[in-house]
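The values are calculated or read from the model by the stated rules, or taken from the named source; none is laboratory data. Keep in mind that what you see is a predicted model, and the values were worked out from it rather than measured. Glycine also receives a Cβ, built like all others from the backbone with ideal geometry; neighbour counts cover every protein chain displayed. These accessible areas exclude ligands, DNA and RNA; they are computed on the full protein's heavy atoms, side chains included. Shrake-Rupley method; radii C 1.70, N 1.55, O 1.52, S 1.80 Å.
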Amino acid sequence: MLTLIKNGRIITATDDYFGDVLIDGETITAIGKHLSVPDGHTVIDAAGLLVIPGGIDPHVHMELPFGGTVSSDDFETGTRAAAFGGTTTVIDFAIQYKGKTFQQTLDDWDARTQGRCAIDYSYHLAVTEYEPRQKKEFQQVVDRGITTFKIFLAYPGVFMIDDQTMFRVMQSAGEAGGMTLVHAENGDAITEMISNLLAAGKVEPKYHALSRPPVIQADGVSRACKVAEVAKAPVFIVHVSCEAAMIELQRSRDAGNPAYGETCTQYLFLDDSYYDKPDFEGAKYVFTPPLVGRSDVTALWKGLKLGYLSEVSTDHCPFNFKGQKELGRGDFTKIPNGGPGVEDRLSMVYHGGVIERGFSLNKWVELTSTASAKMFGMFPKKGTIAVGSDADIVLFDAVKQRTISATTHHMNCDYSLFEGWKIQGEPVTVLSRGKVIVDRGTYVGRAGDGQFLKRGACGKM
Ligand code: URP
Ligand code: ZN
Ligand code: ZN
């Protein structure tokens, strides 16, 4: 079966031209002018639309057990919402629970995902315990196509590992050809600050932010980068939310180390004033790291422009306000950490980057797709429009004005971080490996269309 996308403006991280894209089955087989297909095959008219590679969100948490509840999007609803937002690949985190081997952890995540995803997917392996005798498991994981490992320097007693384990994981991951992702904070100092706040009766959502000030994130980033330097291993800092942390990353990068990082949509638009919303609504913005000051928002956009931050993910980890966020009324530490976002990322980065700040369309594609494909070992199968690449393609209306709302979004979450925001730009039609899964705003795919994606070498930018 052939599909021809005609007359679109094709944008990749490097190119910008008008042309037609021919797809045979799942793969792009030709790009040119005035291409045609025999009768009976599919022709999609992309006149007036941008034709871009499907978005890649390398940081999501579907159906994650957290804080006594479970994130409200499962793999079916969450990946469908991603598709509506123009994202055709997600990377979730397979979390190693106590006593489980790496392979058991991945088998467990396979059982959750198989037959349920609307789009292609992979996982990072989140290591929560590691003894040197397990070293050979790193190679087995890499051979299985999972080339990224994740560690937490936060959430003591749940996910946090100590600095010795950090060193070991980074070294073993690096030796196996993998890269270590780090949630960088200082979990022990945060525990102490939380105790002090609670003892003083400071229980509202805004104290979540005050218990994790930017300097605490900067400390985590500094430590992670320095340990990676001595372990001689690549490191990737997830959800960088403030300038202080970015400066630590920049220092290591400028010294010539393979130290990379990302930020997330919410940190590019929102600041800590959202915690002052009345009626406990500040809880909607309780995620980790927390929102910080307006000057940090400006610094993060600059970091993206200059390349200190490589891509924009979402850290999509939604919890409903009703019944989930509300668990923390009277104690901010009981508010499940996380927010919705997988559906909004592509459009928000377009609006904030291209429309409001004059970023090029190429840079937008780089930040939302190509950089992640390269960073996480999927390029050129994913992340570009080229002959031989998977036909993950989004037709994007770059002029459409619309209003974001939880009443119209497809994420399984009863609120939106951007409720009522008027933005420009909307994904219209989405193809995943050649199959149309969103057709002019209507979902026409099915659970199980998405496949597990084996990834290769990481950090090759
Ligand atoms: O608040 C967040 N970010 N929840 C998800 C877990 C994590 O730290 O990424
Ligand atoms: Zn995290
Ligand atoms: Zn996360």
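Name the one entry in S369, S347 that is within 30 Å of F280 (Cα to Cα), away from ligand 2 (no atom under 16 Å from the Cβ) and either in contact with a Gly (Cβ under 6 Å, 6 or more places away or on another chain) or at pLDDT below 95 (or both).
Just a single option satisfies the conditions, and that option is S347.
Within region 361-372, can one find any residue that is open to solvent by less than 30 Å² (accessible area, probe 1.4 Å) and touching a Lys or Arg at 6+ places or on another chain (Cβ under 6 Å)?
No, region 361-372 contains no residue that is open to solvent by less than 30 Å² (accessible area, probe 1.4 Å) and touching a Lys or Arg at 6+ places or on another chain (Cβ under 6 Å).
Quick one: what pairs do we get from region 381-409, first residue over 22 Å from I23 (Cβ atoms), second among the hydroxyl-bearing types (S, T, Y) and surrounded by 14 or more Cβ atoms within 10 Å (Cβ to Cβ), C-beta under 7 Å, 6+ apart or different chains?
So the pair list comes out as I404/S416; S405/S416; A406/Y415; A406/S416; H409/S416.
Given the conditions (1) touching a strand residue (DSSP E or B) at 6+ places or on another chain (Cβ under 7 Å); (2) part of a helix (DSSP H, G or I); (3) open to solvent by 10 Å² or more (accessible area, probe 1.4 Å), which single one is not true for Y260?
Every condition holds for Y260 apart from (2).
Here is a list of conditions, (1) on the phi < 0 side of the Ramachandran plot; (2) open to solvent by less than 10 Å² (accessible area, probe 1.4 Å), and A244 meets all of them except one; can you say which number that is?
Among (1) on the phi < 0 side of the Ramachandran plot; (2) open to solvent by less than 10 Å² (accessible area, probe 1.4 Å), the lone unmet condition for A244 is (2).
Restricted to region 431-461, and to residues that are aliphatic (A, V, I, L, M) and touching a strand residue (DSSP E or B) at 6+ places or on another chain (Cβ under 8 Å), which residue is farthest from E343 (Cα to Cα)?
Restricting to residues being aliphatic (A, V, I, L, M) and touching a strand residue (DSSP E or B) at 6+ places or on another chain (Cβ under 8 Å), the top hit is M461.
Given Y275, Y260, which one is in contact with a His (Cβ under 8 Å, 6 or more places away or on another chain) and aromatic (F, W, Y)?
Every option except Y275 fails the conditions.
Output yes when any residue across region 431-440 is open to solvent by 70 Å² or more (accessible area, probe 1.4 Å), touching a Lys or Arg at 6+ places or on another chain (Cβ under 9 Å) and of a type outside the set (S, T, N, Q), and no when none is.
Looking for residues that are open to solvent by 70 Å² or more (accessible area, probe 1.4 Å), touching a Lys or Arg at 6+ places or on another chain (Cβ under 9 Å) and of a type outside the set (S, T, N, Q), one finds none in region 431-440, hence no.
Name the helices (runs of 4 or more DSSP H) wholly inside region 69-146 in which the number of residues that are open to solvent by less than 10 Å² (accessible area, probe 1.4 Å) is 3 or more.
Working: elements: 75-84, 102-113, 136-143.
Those helices (runs of 4 or more DSSP H) span 75-84, 102-113.
Say we look at region 53-68 and pick out the residues that are away from ligand 2 (no atom under 16 Å from the Cβ) and open to solvent by 10 Å² or more (accessible area, probe 1.4 Å); which of these is farthest from Q324 (Cα to Cα)?
My answer is E63.
Y207: within 16 Å of ligand 3 (Cβ to nearest atom) and of a type outside the set (A, V, I, L, M, F, W, C), yes or no?
no
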